[in-house]
Amino acid sequence: MKSKTAAVHADPTLDALAALVQTLRTLHLATGGQRPWLGLDLTMAQFKSVLMLVFTGGLTSRGLADQLRVGPSAVTQLVDRLVDQKLATRQPDESDRRVIWIRPTGKAKSLQDDLMQTSRPLLEEVLQGLAPNELATVRRALTLLVDRAQTVLAAHRPTSARGN
């Protein structure tokens, strides 16, 4: 019997989505697409941390260390730099003052939004080639995917991160 993980990797829908992402990435680069992330004054660990914080709404110091696979002392220095750059804040947990949450700031969220927007013109060009009924199908499918992703994310977030 195959595991659920093995079944997911052989899923034609997942393969199609991965192919779409790779195709868009290739088109973007082939058309001289901008790469604004190259101009960021962040180390790779800082960049990864900002994205993780934005996507999750925040992590504990320990959670961030685990995600990055580094020790707590490395996270302390990394977060110090992110706080200095106004990309993160530290917040004590409401129920346990020993726990510190690292939250993304508005500046971090704007940075992530700006990076995501660089693909928008290419996506618009791709969508322009679709018939109205095909666009409606794409819109329905993406809405279903986003709704399901938000449900899964909410189930995986720690209770105190769900409010943010």
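The values are calculated or read from the model by the stated rules, or taken from the named source; none is laboratory data. All values reported here derive from a predicted model rather than from experimental measurement. Cβ: placed from backbone, ideal geometry, glycine included. Neighbour counts: every protein chain shown.
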Are any residues in the stretch 132-158 surrounded by 12 or more Cβ atoms within 10 Å (Cβ to Cβ) and modelled with pLDDT under 85, and if so, which ones?
LEU145, LEU153, ARG157, PRO158
Which of the numbered conditions does LEU78 fail, given that it passes all the others? Conditions: (1) modelled with pLDDT under 90; (2) part of a helix (DSSP H, G or I).
(1)
